[in-house]
Amino acid sequence: MNATFAATAGAVTFVWLGMVLAISFLEAPLKFRAPGVTIPVGLGIGRLVFRALNAVETALAAVVIVTVAAGGAPTAVIALTAAVAALLAVQLAAVRPVLNRRSGRVLAGEDLPRSRGHLWYVALEILKTATLITLGIALSAT
């Protein structure tokens, strides 16, 4: 793979990984522990933060896809790139809409039980994190 394209894709991959780790695994659970943050306030903040994160993730994914495609990447890197893009697509197209509808109901005042949708989102985040780590390492080795 072209060294410049590999370095660019690797750097973007690790920036993407850092954002996912910081937001999904640090900010998201901690905000509900802050004094005075109610479930509706936390959900409102979460909707804004994750909308922004997902927009940035989409842009970063596009950069990785373009650099991998243009750089003559080996099959393993192409497969990992496709996998991480697919995981993000499932989150955005299948899980986020369900979570948004549910959080909208909670923000409207409904008292609902805990959501299983969050468990699906977390499971996909764990898979996406592992795939980003593997992709970043694979890009560093090319």
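The values are calculated or read from the model by the stated rules, or taken from the named source; none is laboratory data. Keep in mind that what you see is a predicted model, and the values were worked out from it rather than measured. Here the Cβ positions follow ideal geometry from the backbone for every residue, glycine too, while neighbour counts run over all protein chains shown. For accessibility, only protein heavy atoms count, side chains too; no ligands or nucleic acids. Shrake-Rupley method; radii C 1.70, N 1.55, O 1.52, S 1.80 Å.
Would you check which residues across the range 5-19 are open to solvent by 10 Å² or more (accessible area, probe 1.4 Å) and hydrophobic (A, V, I, L, M, F, W, C) and list them? Of everything in the range 5-19, those that are open to solvent by 10 Å² or more (accessible area, probe 1.4 Å) and hydrophobic (A, V, I, L, M, F, W, C) turn out to be Phe5, Ala7, Ala11, Val12, Phe14, Val15, Leu17, Met19. For the range 114-137, the condition holds for at least one residue, the condition being that it is open to solvent by less than 20 Å² (accessible area, probe 1.4 Å), part of a helix (DSSP H, G or I), in contact with a helix residue (DSSP H, G or I) (Cβ under 9 Å, 6 or more places away or on another chain) and basic (Lys, Arg).
Per-residue answers, yes or no, for (1) at pLDDT 95 or above; (2) more than 17 Å from Gly44 (Cα to Cα):
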{"site": "Ala79", "(1), (2)": "yes, yes"}
{"site": "Leu88", "(1), (2)": "yes, yes"}
{"site": "Leu107", "(1), (2)": "no, no"}
{"site": "Glu110", "(1), (2)": "no, no"}
{"site": "Ser115", "(1), (2)": "no, no"}
{"site": "Ala130", "(1), (2)": "yes, yes"}
{"site": "Leu135", "(1), (2)": "yes, yes"}
{"site": "Ala138", "(1), (2)": "yes, yes"}
{"site": "Thr142", "(1), (2)": "no, yes"}
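Ala73 meets all of the listed conditions (1) within 26 Å of Asn2 (Cβ to Cβ); (2) open to solvent by 20 Å² or more (accessible area, probe 1.4 Å); (3) part of a loop (DSSP other than H, G, I, E, B) but one, namely (2). Which residues, taken from the range 122-131, are under 11 Å from Leu21 (Cα atoms) and touching a residue at least 24 places away in the same chain (Cβ under 8 Å)? Answer for the range 122-131, where residues must be under 11 Å from Leu21 (Cα atoms) and touching a residue at least 24 places away in the same chain (Cβ under 8 Å): Glu125, Lys128, Thr129. Can Thr58 be described as polar (S, T, N, Q), assigned to a helix (DSSP H, G or I) and open to solvent by 60 Å² or more (accessible area, probe 1.4 Å)? Criteria met by Thr58.
Out of Ala93, Ala52, Ala28, Ala34, I need the residue that is under 13 Å from the mean Cα position of the chain (by Cα), at pLDDT below 95 and either more than 23 Å from Thr142 (Cα to Cα) or not polar (S, T, N, Q) (or both). Which one?
On the way: Ala93 fails: at pLDDT below 95; Ala52 fails: at pLDDT below 95; Ala34 fails: under 13 Å from the mean Cα position of the chain (by Cα).
Answer to the selection: Ala28.
Selection of the range 79-113 for residues being exposed (fewer than 14 other Cβ atoms within 10 Å of the Cβ) and of a type in the set (Val, Ile, Thr) yields an empty set.
Here the range 1-55 is the region considered, the condition is being touching a residue at least 40 places away in the same chain (Cβ under 8 Å) and of a type in the set (Val, Ile, Thr), and the residue that is farthest from Lys128 (Cα to Cα) is Ile39.
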